[in-house]
Amino acid sequence: MKVLIADKFPENHIQTLRDAGFEIIYEPKAGENDIPNVVKDAEFIVVRSTNVNAAAINAGSNLKIVIRAGSGYNNIDVAAATAKGVSVSNTPGKNSIAVAELAMGLIISLDRKIPDNVKDFSNGVWNKAKYSKAEGLFGKTLGIIGVGNIGKEIAKRAQAFGMKVIGYDVFKTEGIGIEYIDDVEKLISMADVITLHVPANPQTKGMFNDKLFGLMKQGAMLINTSRADVIDEDALIKAVKEKGIVAGVDVFKGEPEGKDGSVSSKLQNIEGIYVTHHIGASTEQAQDAVAEETVKIIVDYKNTGNVLHCVNKK
Ligand code: 3PG
């Protein structure tokens, strides 16, 4: 069986697949428009952020599963896959700790203005007066919107910092020290720090809009390590400028598909907004766990015909 890996993937896990008898087509730099030319008769396509569109899916003459080596699968045309009888799978939970670690990093960075602090020092500017003004996190309320695998990992870490954790989710897990608030608007008005962990779908598109920013406490913090579409970026900029909201986001509209090059975003150079390079899942630990699960999906399909973590089951 053939596996097209159209994104960066750890070498040792590629070797595991080879040892198990799979033929690997490794195209780590492939973009959306390259896949139709390289997929040929591969049974599997594996990607991280590379888009897999309808043309790519339809070009695969023998395609069985498109695997999103990660959590959010909005870069895959699931409808086109379903129409062609191709399964789509992801690796849920395998990069949650890494995303939670970045979310905590953004929270601390915003509270202590660490990036500005470092930038000024590098530029020869000494400003202990400015950077001595920080609120601190102890005793503050963290509101988690979407208490899934990632949300729960953040809750643990925030609790270790002495934060009170409240959460909004239709599915509730007892015994993890989270007070669930059934009304998302109420949660937003209660929290000092809000962190978003919802998938990109029609229900969440533009969800965090002027109205929800209006409900946030003056000077509160918003963290988004989920998907760019969840936030109305114009509303965010307005809230930062007019309400003193500060934001740490790992995702933004117009994210480049490739791994390097130039970038342009409305969120650049706005005091009070820190943007990172969609690196939430990018620790070796997380990528190792994601790759291991990806290999499991492929080998399991070969051995049993079952599709693990299928997101488009009939
Ligand atoms: C995910 O959905 O798993 C994360 O956003 C990470 O995405 P990446 O693997 O493209 O970095």
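The values are calculated or read from the model by the stated rules, or taken from the named source; none is laboratory data. Just so you know, these numbers come straight off a predicted model, no measurement behind them. Cβ coordinates were reconstructed from backbone atoms using ideal geometry, including for glycine residues, and neighbour counts include every protein chain displayed. Just the protein is used for accessible areas: all its heavy atoms, side chains included, with ligands, DNA and RNA removed. Shrake-Rupley method; radii C 1.70, N 1.55, O 1.52, S 1.80 Å.
Tell me, which helices (runs of 4 or more DSSP H) lie completely within the stretch 70-173 with 2 or more residues that are surrounded by 13 or more Cβ atoms within 10 Å (Cβ to Cβ), in contact with a helix residue (DSSP H, G or I) (Cβ under 7 Å, 6 or more places away or on another chain) and modelled with pLDDT of 95 or more?
Details: elements: 78-83, 96-112, 114-122, 128-131, 149-160.
Hits in the stretch 70-173: 78-83, 96-112, 114-122, 149-160.
For L142, work out the one condition from (1) within 16 Å of the ligand (Cβ to nearest atom); (2) under 23 Å from T276 (Cβ atoms); (3) among the aliphatic types (A, V, I, L, M) it doesn't fulfil.
Every listed condition holds for L142 apart from (1).
Just one of (1) within 16 Å of the ligand (Cβ to nearest atom); (2) under 30 Å from Q159 (Cβ atoms) trips up T50, so point out which.
Just one mismatch for T50, condition (2).
For the stretch 48-69: of the residues being open to solvent by less than 10 Å² (accessible area, probe 1.4 Å) and closer than 21 Å to G93 by Cα, which is modelled with the lowest pLDDT? Steps first, please.
Filtering the stretch 48-69 for residues open to solvent by less than 10 Å² (accessible area, probe 1.4 Å) gives 50, 52, 56-57, 60, 65-67, 69.
Then keep just the ones that are closer than 21 Å to G93 by Cα; that gives 50, 65-67, 69.
Working: T50: 95, I65: 98, V66: 98, I67: 98, A69: 98.
The qualifying residue modelled with the lowest pLDDT is T50.
Name the residue, out of V118, V66, that is within 16 Å of the ligand (Cβ to nearest atom), hydrophobic (A, V, I, L, M, F, W, C) and without any contact (Cβ under 8 Å) to a residue 60 or more places away in the chain. Walk me through it before giving the result.
Details: V118 fails: within 16 Å of the ligand (Cβ to nearest atom).
None of the others qualify; the one that does is V66.
For the stretch 80-137, give me the residue count where each residue is polar (S, T, N, Q) and under 26 Å from H278 (Cβ atoms).
At the first step, the residues of the stretch 80-137 found to be polar (S, T, N, Q) are 82, 87, 89-91, 95-96, 109, 117, 122-123, 127, 132.
When the remaining residues are screened for being under 26 Å from H278 (Cβ atoms), the result is 87, 89-91, 95-96, 109, 117, 122.
Residues flagged as polar (S, T, N, Q) and under 26 Å from H278 (Cβ atoms) within the stretch 80-137 amount to 9.
So, in the stretch 2-30, of the ones that are among the aromatic types (F, W, Y) and in a loop (DSSP other than H, G, I, E, B), which residue ends up surrounded by the most Cβ atoms within 10 Å (Cβ to Cβ)? First the steps, then the outcome.
Taking the stretch 2-30 and keeping what is among the aromatic types (F, W, Y), we get 9, 22, 26.
From the residues that got through so far, the ones that are in a loop (DSSP other than H, G, I, E, B) too are 9, 22.
On the way: F9: 23, F22: 19.
Among residues in the stretch 2-30 that are among the aromatic types (F, W, Y) and in a loop (DSSP other than H, G, I, E, B), the one surrounded by the most Cβ atoms within 10 Å (Cβ to Cβ) is F9.
Of all residues in the stretch 20-47, how many are touching a residue at least 60 places away in the same chain (Cβ under 8 Å) and either aliphatic (A, V, I, L, M) or within 15 Å of the ligand (Cβ to nearest atom) (or both)?
Residues in the stretch 20-47 being touching a residue at least 60 places away in the same chain (Cβ under 8 Å) and either aliphatic (A, V, I, L, M) or within 15 Å of the ligand (Cβ to nearest atom) (or both): 5 in total.
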